[in-house]
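The values are calculated or read from the model by the stated rules, or taken from the named source; none is laboratory data. In this text, all values refer to a predicted model and were calculated from it rather than measured experimentally. Here Cβ is always computed from backbone atoms with ideal geometry, including for glycine, and neighbour counts include all displayed protein chains.
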Amino acid sequence: MTKNIDWSSLGFGYVQTDYRYVSNFKDGKWDDGTLTTDNTVTLHESAGVLQYAQTCFEGMKAYRTIDNKVVCFRPDMNAKRMADTARYLEMPAFPEDKFIEVVEKVIKANIDFVPPYGSGASLYLRPYMFGSNAVIGVKPATEFQFRIFATPVGPYFKGGVKPITLRVPDFDRAAPCGTGHIKAGLNYAMSLHAIVDAHNQGYNENMYLDSKTRTKVEETGGANIIFVTKDNEVITPKSSTILPSITRRSLMYVAEHYLGLKAEEREIYMSEVKDFKECALCGTAAVLSPVGKIVDHGEEINLPSGMNDMGEITKKLYDTLTGIQMGRIEAPEGWIKVINE
Ligand SMILES: *Cc1c(COP(=O)(O)O)cnc(C)c1O
């Protein structure tokens, strides 16, 4: 029985569900892992994660479709990206096929928390991993814990699909060594001051520029960016220091193969942004959130799509992507993993 939760009023916050998965890595191998009802983690005071932030995570969603199935969107992509991140941070990759298997297990164990079709909510899954044994010299841990918990969520930005405002900050988001392509807690720790500062000044998010030349658009704190040009071309920044968003890759495919638009990943200069027609943030949490205004040190760029509605192309992209996820539109091969018929 689906839980008695007011799904339509859910924001993007933590709601405790029944089960989470835990597996430990010790003596060079992962154990079988298990589901548990315990939502706490007890750690050594000198655990690698606490001292040197050796940790990474993923974010993905399960949806209830129009024909009442529970599905997960492209979990193989999250499995691979988390393995890539782990290797970069000197952590053992969690096996990709096992990752998909335990994602399915966690969704099934919390199936009553998958929001109903049409509620606007979904079940967010948070796989993560961290160094758990004691380290004191600067070096990687040798023992790790991998966990996945689930929490039902609503829209990331209050107001759902209302356009938001960005500002170009004076801060760089990631560590100066250009580690934007890893999905790790440390990238986020480095952005917390910038995001609080943006909120205090009335902006929803920061739009970071490349830290080397400060002329090219990168991404926001937790989402990639797409623009629509005056010629209805969908473009997105090419950069090795932004997080390779699965939503973004999916949207570029949708633009080209479902909507017949030109879609290109290329360097995008801040000086071009004033000429674009539409702008939106994309990610698992943000889905596709329209941007109405961007402020660059006092200079305002008002997107022609305005502050009331999604732009025309953004809306088409949004409807097609969410249509694929909710089973209203046929998905490309391999995009939808059915959990429960
Ligand atoms: C997770 C994340 C995104 C979005 O990636 P998806 O795979 O689409 O969810 C974008 N930028 C950053 C910094 C992220 O952490």
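For residues that are among the polar types (S, T, N, Q) and over 19 Å from the mean Cα position of the chain (by Cα), tally how many sit in the range 76-125.
Going through the range 76-125 one residue at a time, the tally reaches 2.
Being in a loop (DSSP other than H, G, I, E, B), closer than 22 Å to Gly120 by Cβ and of a type in the set (A, V, I, L, M, F, W, C) is the filter here; which residues of the range 297-328 pass it?
Pass one, the range 297-328, residues in a loop (DSSP other than H, G, I, E, B): 297-298, 303-311, 326-328.
In the following step, the residues that additionally are closer than 22 Å to Gly120 by Cβ were identified as 305, 307-311, 326-328.
Result: Met307, Met310, Met326.
The lone criterion from (1) in contact with a Cys (Cβ under 7 Å, 6 or more places away or on another chain); (2) more than 18 Å from Phe149 (Cα to Cα); (3) outside any helix (DSSP H, G or I) left unmet by Ile66 is number (1). Ala331 fulfils the conditions (1) assigned to a helix (DSSP H, G or I); (2) of a type in the set (Gly, Ala, Ser); (3) without any contact (Cβ under 8 Å) to a residue 24 or more places away in the chain except for a single criterion, (1).
Name the one entry in Glu265, Glu299 that is of a type outside the set (Val, Ile, Thr) and touching a Ser or Thr at 6+ places or on another chain (Cβ under 6 Å).
Values: Glu299 fails: touching a Ser or Thr at 6+ places or on another chain (Cβ under 6 Å).
Of Glu265, Glu299, the one residue that is of a type outside the set (Val, Ile, Thr) and touching a Ser or Thr at 6+ places or on another chain (Cβ under 6 Å) is Glu265.
If you go through the range 242-273 and pick out every residue that is among the acidic types (Asp, Glu), touching a strand residue (DSSP E or B) at 6+ places or on another chain (Cβ under 7 Å) and more than 16 Å from the ligand (Cβ to nearest atom), you end up with 3.
When only residues in the range 85-107 that are over 18 Å from Thr142 (Cα atoms) and within 16 Å of the ligand (Cβ to nearest atom) count, which is surrounded by the most Cβ atoms within 10 Å (Cβ to Cβ)?
Here is the first cut: in the range 85-107, the residues over 18 Å from Thr142 (Cα atoms) are 96-107.
After this cut, where a residue has to be within 16 Å of the ligand (Cβ to nearest atom) as well, the list is 96, 99-100, 103.
Working: Glu96: 16, Phe99: 22, Ile100: 16, Val103: 25.
Across the range 85-107, the extreme among qualifying residues is Val103.
In the condition set (1) within 16 Å of the ligand (Cβ to nearest atom); (2) closer than 30 Å to Leu10 by Cβ; (3) touching a strand residue (DSSP E or B) at 6+ places or on another chain (Cβ under 7 Å); (4) at pLDDT 95 or above, Glu278 is compliant with all but (1). Is the range 132-142 home to any residue that is part of a loop (DSSP other than H, G, I, E, B), within 14 Å of the ligand (Cβ to nearest atom) and either buried (at least 16 other Cβ atoms within 10 Å of the Cβ) or not β-branched (Val, Ile, Thr) (or both)? Within the range 132-142, not a single residue is part of a loop (DSSP other than H, G, I, E, B), within 14 Å of the ligand (Cβ to nearest atom) and either buried (at least 16 other Cβ atoms within 10 Å of the Cβ) or not β-branched (Val, Ile, Thr) (or both).
Among the residues of the range 69-93, what is the count of those that are assigned to a helix (DSSP H, G or I) and either touching a Gly at 6+ places or on another chain (Cβ under 6 Å) or in contact (Cβ under 8 Å) with a residue 12 or more places away in the chain (or both)? I'd like the intermediate steps shown before the answer.
Restricting attention to the range 69-93, the residues satisfying the condition of being assigned to a helix (DSSP H, G or I) are 75-88.
Subset that is either touching a Gly at 6+ places or on another chain (Cβ under 6 Å) or in contact (Cβ under 8 Å) with a residue 12 or more places away in the chain (or both): 75-86, 88.
Selection size over the range 69-93: 13.
For residues that are more than 24 Å from Lys158 (Cβ to Cβ) and modelled with pLDDT under 95, scanning just the range 305-341, find the one that is nearest to the chain's Cα centre (by Cα). Top of the filtered list is Asn340.
Output the residues belonging to the range 17-38 that are assigned to a loop (DSSP other than H, G, I, E, B), surrounded by 13 or more Cβ atoms within 10 Å (Cβ to Cβ) and polar (S, T, N, Q). Spell out the reasoning first.
Applying the first criterion (assigned to a loop (DSSP other than H, G, I, E, B)) to the range 17-38 yields 17-19, 27-28, 31-33, 37-38.
Next cut, surrounded by 13 or more Cβ atoms within 10 Å (Cβ to Cβ) only: 17-19, 33.
Of everything in the range 17-38, just one residue is assigned to a loop (DSSP other than H, G, I, E, B), surrounded by 13 or more Cβ atoms within 10 Å (Cβ to Cβ) and polar (S, T, N, Q), namely Thr17.
Going through Ile301, Ile294, Ile313 one at a time, which residue ends up being buried (at least 23 other Cβ atoms within 10 Å of the Cβ), at negative phi and in the same structural domain as Ile225 (by TED's automatic domain parsing)? Just a single option satisfies the conditions, and that option is Ile294.
Scan the range 94-103 for residues that are in a loop (DSSP other than H, G, I, E, B) and either among the hydroxyl-bearing types (Ser, Thr, Tyr) or over 14 Å from Gln145 (Cβ atoms) (or both) and report the count.
Pass one, the range 94-103, residues in a loop (DSSP other than H, G, I, E, B): 94-95.
With the extra rule that they be either among the hydroxyl-bearing types (Ser, Thr, Tyr) or over 14 Å from Gln145 (Cβ atoms) (or both), the set shrinks to 95.
Of the residues in the range 94-103, 1 are in a loop (DSSP other than H, G, I, E, B) and either among the hydroxyl-bearing types (Ser, Thr, Tyr) or over 14 Å from Gln145 (Cβ atoms) (or both).
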